Amino acid sequence: MKFSTILTLYIRNLKQYKRLPAVLAFSFIVPVIQYLIFSNLFNSLSDVPGNPYGNYPYYMYITPAIIILTAIFGSVNSSAALLVDLNTGYFDKLRATPASLAPQVIARFMSEFTRLSLQLFLIITVSILYHKRISGVLELPEAGILGLITIVLLAASFGIGVVGNLVVALAFKTKSEQAVQAVFPLFFVAVFMSTAYVPDVLLPDWLQSAIVYNPSEYLIRAVRGIFLEGFTDSTMDSVTIAVSCIIVLTTITSTINYRTITRSID
Amino acid sequence: MSENNIVVVKDLEKKYKSGTHAVKGINFEVKKGEIFGMLGPNGAGKTTTLQMMGTLLNITNGKIKILEYDVESDSSNVRENIGFALQEAGLDSLSTVKELIAFHVKLFGFRGVEIDRRVEQSLSLLDLHQYSDQMIPELSGGTQRRLDLAVSLVHDPKLLILDEPTTGLDPAHRSDLWTLLKKLKTEKGITIVLSTHYMEEADVLCDRLAIIDSGEIVAMDTPQKLKKTIGKDRIEFKLFESLSEEQIIALKDEFGEENISANDSFFTVRVDDGEETLLDTLKIIIQMEIKVKGTKVLRPSLDDVYLKYTGKRLEELS
Ligand SMILES: Nc1ncnc2c1ncn2[C@@H]1O[C@H](COP(=O)(O)OP(=O)(O)OP(=O)(O)O)[C@@H](O)[C@H]1O
Ligand SMILES: [Mg+2]
């Protein structure tokens, strides 16, 4: 397996996106719309007594949620381009060339990671511009550029590592776009059943005790910490937990994915 | 194993997970510069065999060596040196003809001006210039097959594996392709293994043929020798009226009982060389006062060979 082969495949994948505008648009436009609707609709949430984040405008509180949502939406789409190759049979044609199996899969993950990172930067830009519109100041969050890069890396790793692996495994198993899209609501619910949109003290009791089992909750805490408070000690704790969570889950999902792919070859 | 053998297949077996025993221990060798054909009915195991050669399927039992490389343990060397056009030409549906060829050139490690040179060469070789900026799904099926072959050849493979390369081509493009494959063989010394349903293709294109049925090779030789195994030529005589008992006896006396078969409207005589002996045979028959309406010489065809070994008619397939 040569690195130059992976690079050639990676560049080809990136070029492919310009012919898949729906994939790009879908995972970008939906979160932006949500952002605009939610921030206007629920903006009185910040005034609810007892809200620990009451001193932040609601649109800032939900920015991390929208980032995670973009990461998840974008990752559910990460098998779209792969499915095109699987269904035309081109994937198999390439298996008989140096592109073989592993380089094709690795290059696919690399290009999906790149695409997702760019989309995440776009969403962050939108939120910064929205902040300027409301407050009149163009400013980066407390943690600066480094903070934004960390946010993007965390969210993209979670998206591609956890969601992307599962979705790609499903693509190999079913070869069907519908099957892949069908798991979508599952991840959607995962984001809602967390403190993404509402601080925990305002959540119903049962949900407050359930969110500890929701992996996306840990990611949201880390991203929100960086975004709202900067790299404080408590943020660093959240980041450590989020990173461990990503590593453990990605190990599991990539094992599942590896098995599914090797089994799909008779 | 001799150095001349580009492909060596030994006791090759494939059992799919579904339980289908698609290939049941076959053996063959392909020499450098040979065009080796696999002929067989649907489901015979041709694609399964070719895909195991092309590193696309796991081998259940047995061995395949390609250019001395073991297909299982040395698969990356095999992939560098073969070109494989699958039965279903599946190509990148999100790219243009030129982009696709260039991508394949790069996959084999070529860089710089060499990329343009090979793309150009490839477009010319398969007469694809007029389509170079077209999106692949817009191409006709036949053009896609030619493009598939073009990208399988960009790196000058030593072995070309073609699964039904001319299915879906019109007669003109089919014979163009035969000419091209023969040219690749004579000018570049490329070895070709292909599967086909077309008898004519097997006959005019292949140096050697394996007839495969139900996962087994039932016959393997040059097309000429395979046809010889069928036996003699036959001369068929159409009749105005059916033969009398006496005439049949006279015919059997003259040509030997085993060489005559007759029914109401015609009879046939088996001879060693139909064209050479036609006139003499006809003279004898006229002397017997048999009224002949017409005549034709029947030489054993690959179709007969196929029928003999598989019990099926090839023409029904295509
Ligand atoms: N992926 C698969 N899983 C299970 N069985 C398979 C698979 N592919 C092929 N088979 C079975 O294996 C046998 C051989 O199939 P194969 O495709 O090799 O035949 P073939 O000679 O190429 O036929 P055709 O002329 O129709 O292309 C058939 O019985 C087929 O149903
Ligand atoms: Mg086949």
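The values are calculated or read from the model by the stated rules, or taken from the named source; none is laboratory data. As the structure is a computational prediction, the values presented were derived from the model and not from experiment. Neighbour counts run over all protein chains shown; Cβ positions are idealised from the backbone, glycine included. Just so you know, the surface numbers come from the protein's heavy atoms only, side chains and all, with ligands and any DNA or RNA stripped out. Shrake-Rupley method; radii C 1.70, N 1.55, O 1.52, S 1.80 Å.
Here are some notes:
- Taken together, the residues in the stretch B:158-168 that are more than 16 Å from ligand 1 (Cβ to nearest atom) and touching a Gly at 6+ places or on another chain (Cβ under 7 Å) amount to 1.
- Number of positions in the stretch B:249-263 that are open to solvent by 50 Å² or more (accessible area, probe 1.4 Å), among the aliphatic types (A, V, I, L, M) and over 37 Å from the mean Cα position of the chain (by Cα): 1
- From the options B:Phe110, B:Phe84, residue that is modelled with pLDDT of 95 or more and more than 9 Å from chain A (Cβ to nearest Cβ): B:Phe110
- Number of positions in the stretch B:10-35 that are more than 14 Å from chain A (Cβ to nearest Cβ) and either of a type in the set (D, E, K, R) or under 18 Å from the mean Cα position of the chain (by Cα) (or both): 13
- Complete set of residues in the stretch B:230-248 that are of a type outside the set (Asp, Glu) and open to solvent by less than 60 Å² (accessible area, probe 1.4 Å): B:Ile230, B:Gly231, B:Ile235, B:Phe237, B:Leu239, B:Leu243, B:Ser244, B:Gln247, B:Ile248
- Some residue of the stretch B:161-168 being without any contact (Cβ under 8 Å) to a residue 12 or more places away in the chain and more than 18 Å from B:Glu29 (Cβ to Cβ): no
- Residue check: A:Phe227 meets all listed conditions (1) in contact (Cβ under 8 Å) with a residue 40 or more places away in the chain; (2) within 14 Å of chain B (Cβ to nearest Cβ) but one, namely (2).
- Only one entry of B:Val71, B:Val7 meets the criterion of being more than 24 Å from A:Phe91 (Cβ to Cβ), more than 10 Å from ligand 1 (Cβ to nearest atom) and open to solvent by less than 20 Å² (accessible area, probe 1.4 Å), and that entry is B:Val7.
- Some residue of the stretch A:116-129 being within 20 Å of A:Ala102 (Cβ to Cβ) and either modelled with pLDDT under 95 or open to solvent by 20 Å² or more (accessible area, probe 1.4 Å) (or both): no
- Conditions (1) within 14 Å of chain A (Cβ to nearest Cβ); (2) more than 20 Å from B:Val193 (Cα to Cα); (3) of a type outside the set (Lys, Arg): number failed by B:Ile161: (2)
- Unique match (being closer than 24 Å to A:Gly89 by Cα, within 16 Å of ligand 1 (Cβ to nearest atom), more than 13 Å from chain A (Cβ to nearest Cβ) and of a type in the set (A, V, I, L, M, F, W, C)) among B:Met38, B:Met52: B:Met38
- Helices (runs of 4 or more DSSP H) lying entirely in the stretch A:1-99 (those with 3 or more residues that are closer than 15 Å to A:Ala196 by Cβ): A:21-41, A:58-61, A:63-76
- Criterion applied to B:Ile64, B:Ile115 was being away from ligand 1 (no atom under 16 Å from the Cβ) and within 25 Å of A:Pro103 (Cα to Cα), and the one residue passing it is B:Ile115.
- So B:Thr268, is it part of a loop (DSSP other than H, G, I, E, B), away from every other protein chain (no Cβ under 14 Å) and surrounded by 13 or more Cβ atoms within 10 Å (Cβ to Cβ): no
- The set of residues from the stretch B:1-37 being without any contact (Cβ under 8 Å) to a residue 40 or more places away in the chain and closer than 27 Å to A:Arg263 by Cα comprises B:Tyr16, B:Lys17, B:Ser18, B:Gly19, B:Thr20.
- The set of residues in the stretch B:38-78 that are touching a residue at least 60 places away in the same chain (Cβ under 8 Å), part of a strand (DSSP E or B) and more than 16 Å from ligand 2 (Cβ to nearest atom) comprises B:Lys65, B:Ile66.
- Test: residue in the stretch B:12-33 that is assigned to a loop (DSSP other than H, G, I, E, B), more than 10 Å from ligand 1 (Cβ to nearest atom) and surrounded by 15 or more Cβ atoms within 10 Å (Cβ to Cβ): yes
- Look at the stretch B:81-92: where a residue is more than 14 Å from ligand 1 (Cβ to nearest atom) and a partner is open to solvent by 10 Å² or more (accessible area, probe 1.4 Å) and assigned to a loop (DSSP other than H, G, I, E, B), sitting 6+ places away or on another chain with Cβ atoms under 7 Å, you get B:Asn81/B:Leu67; B:Asn81/B:Lys158; B:Gly90/A:Gly89.
- Whichever residue in the stretch B:102-118 is of a type in the set (Lys, Arg) and more than 19 Å from A:Lys15 (Cα to Cα) and, among such residues, is surrounded by the fewest Cβ atoms within 10 Å (Cβ to Cβ): B:Arg117
- Between B:Leu57, B:Leu67, B:Leu100, the distinction of being touching a strand residue (DSSP E or B) at 6+ places or on another chain (Cβ under 8 Å) and within 14 Å of chain A (Cβ to nearest Cβ) belongs to B:Leu57 only.
- Within the stretch A:243-266, the set of residues being over 15 Å from A:Leu86 (Cβ atoms) and of a type in the set (Lys, Arg) comprises A:Arg259 only.
- Residues that are assigned to a helix (DSSP H, G or I) and either of a type in the set (S, T, N, Q) or open to solvent by less than 20 Å² (accessible area, probe 1.4 Å) (or both), drawn from the stretch B:79-101: B:Asn81, B:Val97, B:Leu100, B:Ile101
- A:Ser27 being within 14 Å of another protein chain (Cβ to nearest Cβ), open to solvent by less than 60 Å² (accessible area, probe 1.4 Å) and not hydrophobic (A, V, I, L, M, F, W, C): no
- Within the set A:Ser44, A:Ser100, A:Ser111, A:Ser4, the sole residue that is surrounded by fewer than 16 Cβ atoms within 10 Å (Cβ to Cβ), among the hydroxyl-bearing types (Ser, Thr, Tyr) and within 14 Å of chain B (Cβ to nearest Cβ) turns out to be A:Ser4.
- Members of the stretch B:119-135 found to be closer than 24 Å to B:Leu194 by Cα and surrounded by 14 or more Cβ atoms within 10 Å (Cβ to Cβ), listed by number: B:Gln121, B:Ser122, B:Leu123, B:Leu125, B:Leu126, B:Asp127, B:Leu128
- Failed item, numbered, when B:Asp233 is tested on (1) more than 16 Å from ligand 2 (Cβ to nearest atom); (2) under 30 Å from B:Tyr198 (Cβ atoms); (3) at pLDDT 90 or above: (3)
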